Amino acid sequence: MLAEWSVEASADDPVLVIPWSDPSDPSGNRRFIDLRENPYDLDHLPEAELHPPLMHALRSLNAPRSPVFTAKCDAWPLRPKPDADELETLRLNLDIFDDASHDTSDGFVSYIDILWRERSIFTSFHQHEQLLHRLTRHAAPLNHPYAMLDCVLRPALVDLTGPQEGFALSLYIKALGHDPQSAEENWATALDAIIGLVRSKDLSFA
């Protein structure tokens with residue numbers, strides 16, 4: 001699996017603020033839901049309902065023994081039109097050149113914003129760098145040639161029991177397939193593998 005990471009922490013880059021709400025949503029449904037405290041609120045996330053692998057990932061990441069919790073997520077298909085440029089970029093990144101035997105005309109993408117529960121990790125840029133090195137190093141040997149992990153480290157402000165400044169990781173899983181179904185299947189298996197790594201002892205500081 002191709003695994004990369006980058007940092008978006010300049011003065012012009014957005015900060016992930018928790019709790020958040022979408023001012024353009026009059027229903028008020030698009031908002032932060034603390035799935036640690038309210039796991040059954042997964043039913044209120046249309047993205048999770050539409051994509052069971054995403055629901056499984058959110059349940060796992062917010063479980064009591066998980067070292068992280070989630071803040072935001074989304075998942076969507078990539079179609080030849082209007083996503084041709086993004087699909088071509090993904091093919092180039094994965095060194096995939098289509099031929100008659102394997103056409104990669106469709107894709108699927110998701111992201112999940114995660115934050116470490118341990119305050120000493122949440123507030124440390126250096127420890128996040130270490131986490132990203134470990135995560136991408138362990139992801140690279142995974143046998144998912146049609147998928148990639150793209151991690152972005154960004155600033156975060158959490159104000160649930162008092163304001164705390166730290167960092168969050170945005171995990172983008174992108175996959176290709178010869179049709180919409182195979183693209184989503186490739187995405188689902190890659191997502192499951194990455195969630196397993198996030199929860200594994202390979203990333204632990206213990």
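The values are calculated or read from the model by the stated rules, or taken from the named source; none is laboratory data. Since we're looking at a predicted model, the values are computed, not measured. Cβ sites come from the backbone with ideal geometry, for glycine too, and all protein chains shown count toward neighbours. To get the accessible areas, we keep the full protein, side chains included, count just its heavy atoms, and leave off ligands, DNA and RNA. Shrake-Rupley method; radii C 1.70, N 1.55, O 1.52, S 1.80 Å.
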Consider residue 96 carefully, then state whether it is modelled with pLDDT under 95, in contact with a helix residue (DSSP H, G or I) (Cβ under 7 Å, 6 or more places away or on another chain) and not in a strand (DSSP E or B).
-> no
How about the stretch 18-52: which of its residues are open to solvent by 50 Å² or more (accessible area, probe 1.4 Å), under 25 Å from residue 165 (Cα atoms) and either of a type in the set (S, T, N, Q) or touching an Asp or Glu at 6+ places or on another chain (Cβ under 8 Å) (or both)?
-> 19, 21, 30, 31, 38
Please state which of the following conditions residue 55 fails to meet, knowing it meets all the rest: (1) surrounded by 17 or more Cβ atoms within 10 Å (Cβ to Cβ); (2) in contact (Cβ under 8 Å) with a residue 24 or more places away in the chain.
-> (2)
Go through (1) farther than 21 Å from residue 75 by Cβ; (2) open to solvent by 10 Å² or more (accessible area, probe 1.4 Å); (3) not hydrophobic (A, V, I, L, M, F, W, C); (4) not in a loop (DSSP other than H, G, I, E, B) and name the single condition residue 154 misses.
-> (1)
Could you say whether any residue in the stretch 65-73 is open to solvent by 70 Å² or more (accessible area, probe 1.4 Å) and in contact with a strand residue (DSSP E or B) (Cβ under 7 Å, 6 or more places away or on another chain)?
-> no
Scanning for something under 25 Å from residue 157 (Cβ atoms) and part of a helix (DSSP H, G or I), does the stretch 46-53 turn up at least one residue?
-> yes
Looking at residue 91, is it more than 23 Å from residue 18 (Cβ to Cβ) and either modelled with pLDDT of 95 or more or open to solvent by less than 50 Å² (accessible area, probe 1.4 Å) (or both)?
-> yes
Could you please find all residues in the stretch 163-195 being in a helix (DSSP H, G or I) and either closer than 15 Å to residue 70 by Cα or of a type in the set (S, T, N, Q) (or both)?
-> 181, 182, 186, 189, 191, 194, 195
Select from the stretch 157-171 the residues that are farther than 14 Å from residue 15 by Cα and either surrounded by fewer than 15 Cβ atoms within 10 Å (Cβ to Cβ) or small (Gly, Ala, Ser) (or both) and list them in ascending order.
-> 160, 161, 162
Residue, surrounded by the most Cβ atoms within 10 Å (Cβ to Cβ), within the stretch 172-188, restricted to residues that are modelled with pLDDT of 95 or more and charged (D, E, K, R) | 174
